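Participant: First the structure, then my questions, so here it is.
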Amino acid sequence: MNGARPRPSRPHLLYPGDPGYDEARAVWNAMHDRRPVCVARCRTAEEVSDALRFAVANGHPVTVRGGGHNVAGAAVADDAVMIDLSPMRGVLVDAGAKVAHADGGCLLRDVDAATVRYGLACPAGVVSHTGLGGLALGGGYGWLARTWGPTCDHILAAQVVLPDGSIVEATDAEHPELLWALRGGGGGNFGVVTRFTLRLRPVGPLYHYVAQYPPATAARALAAYRSFAERQPDNLHVVGALKRLPGAAPDGGGVVLRLSGAYFGDPQDGPARIAPLLDAAPPETATGRVISYLELQGMGDLSEPHGHRYYTKSGYLTGLPDEAVASMLSGAREMPSTLSSIDFEYLRGAIARLPEHDGAFPNRDAPYIVTASAQWTDPAHDEENVAWTRRAVRSLSGSRMPGAYVNYVQDEEWAPPDIYGEQRLRRLAAVKRVYDPDDVLRGGRIPAAARPTTSASEGT
Ligand SMILES: Cc1cc2nc3c(=O)[nH]c(=O)nc-3n(C[C@H](O)[C@H](O)[C@H](O)COP(=O)(O)OP(=O)(O)OC[C@H]3O[C@@H](n4cnc5c(N)ncnc54)[C@H](O)[C@@H]3O)c2cc1C
């Protein structure tokens, strides 16, 4: 030992032409082929601070990559510095306190793997390769949201690196407005979250079932779902997807409905809880079994691979009247790609229990969310797939309610006031002015200068 102080570590910078640059700038949705000035791979909050100071000193805007899943490609921009948190995936669990400390670059599977060994989980999304960062900062719907609330309701505190390079802890006592903004909806507009402190909930084996309906009975099953979902207990969550069968010509029928449910009470009671739905609309095939929470969380992984082309359009619905059911079925018949789907779920439960004004996360009252999710591989089919998603959701306009879920918003189709409402947006923009007045952090939807205007009409 010579007493020399260890040299502070630096982020690993990848420039165009460097080995690894192209892999590092690629995000989940292959529609976004953008070229950042450089990618700064960070392992610690200090390295993130270093990367932010470097970007600001050189006049570059910054984007942050959590899991890279954002459908709009918010993690990457031309001519910006991309702060890549993917080397930061550690999780520490305090099982006694039911709290996890998760690094800002964690994927959902990192958090689940660390917590379930203690019989605990933080409610999150349904695909385990999604990033915790973007999901939690935008809201976070998933299997447990009706039981316990979205992921953002579980953020107890956050370590945040601000654009000036300072590292702060946002808690209810320190930087409370920043914490409010991070708790859902605000996204990565204010700073880089290098560590989340998350409240955990008990989980154990659960009852899971899948029921499939052919074209002839899909409409009846959707009507049965409507009356069942609105009366189900909060610890049961049933989601639906309409798909077009491979081989079936667009507009020629061949639509199947798949309903999947998870019951978080005593698994032995699961079949009885589901029975009213299955009795009202007997499926063509159905399977039910007791599974682990980790198995549930990995079930969606294969159907949404990295590197395909995606476009989604989503909206909240006040209900699922017969006209909406008919529109969803005809939308499904017309989907150009059989990799696509129309997904829907009944929300409410614990999501709606927190009063609307208590958090940054908007639209808590929305009963249903419906998303047309186009997935394809050939760029030659971009236009028809994008047009299909827009058409499919536009056809539901009779049942739409105002608002949008920021994590499913793509392109500029929604103006910020449409997503957040004028009042909440004003408060979010005030937080932005304090913490990122020069709009260094891009990728979020909160404008640097708050000019909430009359809500722009939704794009076509
Ligand atoms: C296959 C798939 C499944 C999904 N399933 C669900 C679901 O079940 N429920 C649901 O609610 N949503 C779901 N989503 C949507 C998802 O919540 C958003 O795409 C979210 O943005 C993904 O976060 P990410 O970190 O992977 O994304 P990224 O693209 O890396 O980041 C998204 C945004 O968040 C910011 N950000 C990310 N991490 C940080 C951080 N640590 N600090 C500051 N800013 C940060 C980025 O700057 C960017 O603006 C899904 C998306 C996909 C692609």
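Participant: About the Cα centre of the stretch 237-396, how large is the charge dipole given +1 on each Lys and Arg Cβ and -1 on each Asp and Glu Cβ? Please answer in debye to the nearest 20.
Facilitator: 100
Participant: Also, quick follow-up: Students often check this: by mean Cβ neighbours within 10 Å, which of 303-311, 79-87, 435-443 ranks highest, and how do the rest follow?
Facilitator: The most tightly packed comes first, giving 79-87, 435-443, 303-311.
Participant: Could you state the accessible area per residue of the stretch 12-84 in Å², with a 1.4 Å probe and every protein chain left in place?
Facilitator: That works out to 40 Å² for each residue.
Participant: With r defined as the distance between the Cβ atoms of ALA26 and THR318 and R0 fixed at 51 Å, what FRET efficiency is calculated, to the nearest 0.05?
Facilitator: 0.85
Participant: Given a 1.4 Å probe, how much area per residue of the stretch 352-425 is accessible, in Å²? Walk me through the intermediate numbers first.
Facilitator: On the way: 3080 Å² over 74 residues.
For the stretch 352-425, the solvent-accessible area averages 42 Å² per residue.
Participant: Can you send over the carbon and sulfur percentage of the accessible area for the chain, probe radius 1.4 Å, protein chains only? List each step's numbers first, then the result.
Facilitator: On the way: 9750 of 18720 Å².
Carbon plus sulfur share of accessible area: 52 percent.
Participant: Could you give the size of the charge dipole of the stretch 141-240 about its Cα centre, using +1 on the Cβ of each K and R and -1 on the Cβ of each D and E, expressed in debye and rounded to the nearest 20?
Facilitator: 640
Participant: Counting Lys and Arg as +1 and Asp and Glu as -1, what is the net charge of the other residues whose Cβ lies under 12 Å from the Cβ of HIS12? Could you put the intermediate results ahead of the total?
Facilitator: Values: positive: ARG10, ARG41, ARG43; negative: ASP18, GLU47, ASP50, ASP84.
In short, -1.
Participant: Skip the ligands, DNA and RNA, and give the accessible area per residue of the stretch 148-198 with a 1.4 Å probe, whole Å².
Facilitator: Here the residues of the stretch 148-198 average 26 Å² of exposed surface.
Participant: A further question follows. Of the peptides 149-162, 9-22, 200-213, how do they stack up when ordered by the mean number of other Cβ atoms within 10 Å, highest first? Write out the running numbers ahead of the final one.
Facilitator: Values: 149-162: 23.4, 9-22: 14.0, 200-213: 19.9.
By packing density, highest mean first, the sequence is 149-162, 200-213, 9-22.
Participant: Enumerate the helices in the chain for which the Kyte-Doolittle hydropathy averages 0.0 or more and the C-alpha atoms extend at least 15 Å along the helix's axis, using complete DSSP H runs. The partial results should precede the final answer.
Facilitator: Values: long enough: 45-57 (18 Å, 0.49); 215-229 (21 Å, 0.39); 270-280 (16 Å, 0.54); 322-333 (17 Å, 0.15); 382-394 (18 Å, -1.32); 422-435 (20 Å, -0.76).
Within the chain the helices that satisfy the rule are 45-57, 215-229, 270-280, 322-333.
Participant: Distance from the Cα centre of the stretch 57-119 to that of the stretch 294-356, in angstrom?
Facilitator: After rounding, the separation between the Cα centres reads 24 Å.
Participant: While we're here: Cross-link candidates for LYS243: which lysines have Cα within less than 29 Å, leaving aside residues fewer than 8 places away along the same chain?
Facilitator: Cross-link targets: LYS313.
Participant: Show that you can apply the helix-only estimate: for the chain, add -39,500 (n - 2.57) for every DSSP H stretch of four or more residues, divide by all residues, and state [θ] at 222 nm to the nearest 500.
Facilitator: -7500 deg cm²/dmol
Participant: Would you please classify the overall shape of the stretch 1-101 from the alpha carbon gyration tensor, given that a ≥ b ≥ c denote the square roots of the eigenvalues, rounded means a/c under 1.5, and beyond that prolate means a/b larger than b/c while oblate covers the rest? Provide the component values of the computation, followed by the final result.
Facilitator: Numbers: a/c = 2.18, a/b = 1.21, b/c = 1.81.
Verdict is oblate for the stretch 1-101.
Participant: How big is D, in µm² s⁻¹, for the chain by Stokes-Einstein at 20 °C and 1.002 mPa s if Rh is the Kirkwood radius over C-alpha pairs?
Facilitator: 95
The values are calculated or read from the model by the stated rules, or taken from the named source; none is laboratory data. It should be emphasised that the depicted structure is a prediction, and the values quoted were computed from it without experimental measurement. All Cβ positions, glycine included, derive from the backbone under ideal geometry; neighbour counts span all protein chains shown. For the accessible areas, the whole protein counts, side chains as well, though only heavy atoms, and no ligand, DNA or RNA atoms are used. Shrake-Rupley method; radii C 1.70, N 1.55, O 1.52, S 1.80 Å.
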